[in-house]
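Scroll down for the structure; my scribbles are underneath it.
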Amino acid sequence: MSVARRPIPIEPERHADEWHIAGVVVHADPARLGEVRAAIDAMAGAEIHAGNDAGKLVVTLEAPTMRAIAAHLEYLHRLDGVLSAALVYQHNEDADSMEEEMTDDHAP
């Protein structure tokens, strides 16, 4: 089944109540790895952090709702060249706290 080659337009909502972050392991057909990487790079809120030539990718997804995370995950599942996409971590945070500056109290 071919999937439309358009990213899911999910952007942060101003003053939304929550912000969701998910970790996903994507296993792609090594012969289509370039296409899969390009499609993930085109997704709003998606970032590839690691990968190998065997087709394994470590991806994070960020979105304003769990429903949006689920939509991204479904998109990954249906993407041509993706063999599997497994959600391994999901966390939600108060959206306002995502705007706070973090400091390292233990820095020299």
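The residues of region 68-82 that are touching a residue at least 24 places away in the same chain (Cβ under 8 Å), of a type in the set (A, V, I, L, M, F, W, C) and either within 19 Å of ALA28 (Cα to Cα) or open to solvent by 20 Å² or more (accessible area, probe 1.4 Å) (or both), listed by number, are ALA71, LEU73, LEU76, LEU79, VAL82.
When ASP53 is tested against (1) closer than 17 Å to GLU18 by Cα; (2) out of contact with any strand residue (DSSP E or B) (no Cβ under 6 Å at 6 or more places or on another chain); (3) open to solvent by 30 Å² or more (accessible area, probe 1.4 Å), exactly one condition is not met: (1).
The values are calculated or read from the model by the stated rules, or taken from the named source; none is laboratory data. The model shown is predicted, which means the values in this text are computed figures rather than measured ones. Because the Cβ atoms are built from the backbone with ideal geometry, glycine has one as well, and the counts that use them run over all protein chains shown. When the accessible area is computed, the model is the full protein with side chains, heavy atoms only, and any ligands, DNA or RNA have been set aside. Shrake-Rupley method; radii C 1.70, N 1.55, O 1.52, S 1.80 Å.
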